[in-house]
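Novice: Starting off with a structure, shown below.
The values are calculated or read from the model by the stated rules, or taken from the named source; none is laboratory data. Given the structure is predicted, the values throughout are model-derived calculations rather than measurements. Don't worry about glycine lacking a Cβ; one is built from the backbone with ideal geometry, like all the others, and counts go over all protein chains shown.
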Amino acid sequence: MEKTYQFLNKVIEWLLVTIFALLVIDVVWQVISRYAVGKPSSFTEEFARFALIWLTVLGAAYINGQKEGHLSMDFLLSKLPENKRHSRQKVIQIVMALFALIIMVIGGGNLVYTTLSLGQISSALNVPLGFVYSIVPICGLVIMFFSFYNIKKLNFE
């Protein structure tokens, strides 16, 4: 499980850096084409929107795996004795996994299926919107894996 965790972290890190670099290039090209050339590019706004969707959802999954970097209010949790703190942290991870399963995997999977079956296509890039939204169930599975990994880590602490 540790090797899978390390591999998944590296893949997500690489994807985040690549998407962010493409987003920067896209926005710079939009500014250049609008002000220097005088004819704004038609696809850059839509690409930036889709890149931000992927960057946000992938970033949330990545941060879930990096337990220390996740935004949380742990003031009350830190006041608990060690054994109760571990059990509460396990409950939190289980709730996160359930949220990822119900909302992201099942709900996101339904969204992807619906948009693909309806044939919705983005206006400027001509990409099926189901492919754009597919990041939601994929990251739901990643969040579930990270939650189970964090629970396993808590068992050995």
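Novice: Which ones in segment 93-131 are under 18 Å from I12 (Cβ atoms) and of a type in the set (V, I, T)? Walk me through it before giving the result.
Specialist: Here is the first cut: in segment 93-131, the residues under 18 Å from I12 (Cβ atoms) are 96-97, 100, 104-105, 108.
Selection gives V105 alone.
Novice: Quick one: would you say A51 is among the hydrophobic types (A, V, I, L, M, F, W, C), buried (at least 16 other Cβ atoms within 10 Å of the Cβ), at pLDDT below 95 and within 14 Å of the chain's Cα centre (by Cα)?
Specialist: No.
Novice: Among helices (runs of 4 or more DSSP H) lying entirely in segment 71-141, which contain 2 or more residues that are farther than 16 Å from A61 by Cβ and at pLDDT below 90? Steps first, answer last, please.
Specialist: Values: elements: 75-79, 82-99, 108-118, 129-133.
Where helices (runs of 4 or more DSSP H) fall fully within segment 71-141 and carry at least 2 residues being farther than 16 Å from A61 by Cβ and at pLDDT below 90, they are 75-79, 82-99.
Novice: Just name the residue that is farthest from L8 (Cα to Cα) out of those in segment 38-61 that are of a type in the set (S, T, N, Q) and in contact with a helix residue (DSSP H, G or I) (Cβ under 8 Å, 6 or more places away or on another chain). Spell out how you get there, then give the answer.
Specialist: Of segment 38-61, the ones of a type in the set (S, T, N, Q) are 41-42, 44, 56.
Then drop every residue that is not in contact with a helix residue (DSSP H, G or I) (Cβ under 8 Å, 6 or more places away or on another chain), which leaves 41, 44.
On the way: S41: 35, T44: 29 Å.
Among those residues, the one meeting the criterion is S41.
Novice: Could you pull out the residue among G108, G130 that is farther than 14 Å from N64 by Cβ, within 21 Å of the chain's Cα centre (by Cα), surrounded by 15 or more Cβ atoms within 10 Å (Cβ to Cβ) and free of Cβ contacts under 8 Å to residues at least 24 places away in the same chain?
Specialist: Numbers: G108 fails: free of Cβ contacts under 8 Å to residues at least 24 places away in the same chain.
Going through G108, G130 in turn, just one is farther than 14 Å from N64 by Cβ, within 21 Å of the chain's Cα centre (by Cα), surrounded by 15 or more Cβ atoms within 10 Å (Cβ to Cβ) and free of Cβ contacts under 8 Å to residues at least 24 places away in the same chain: G130.
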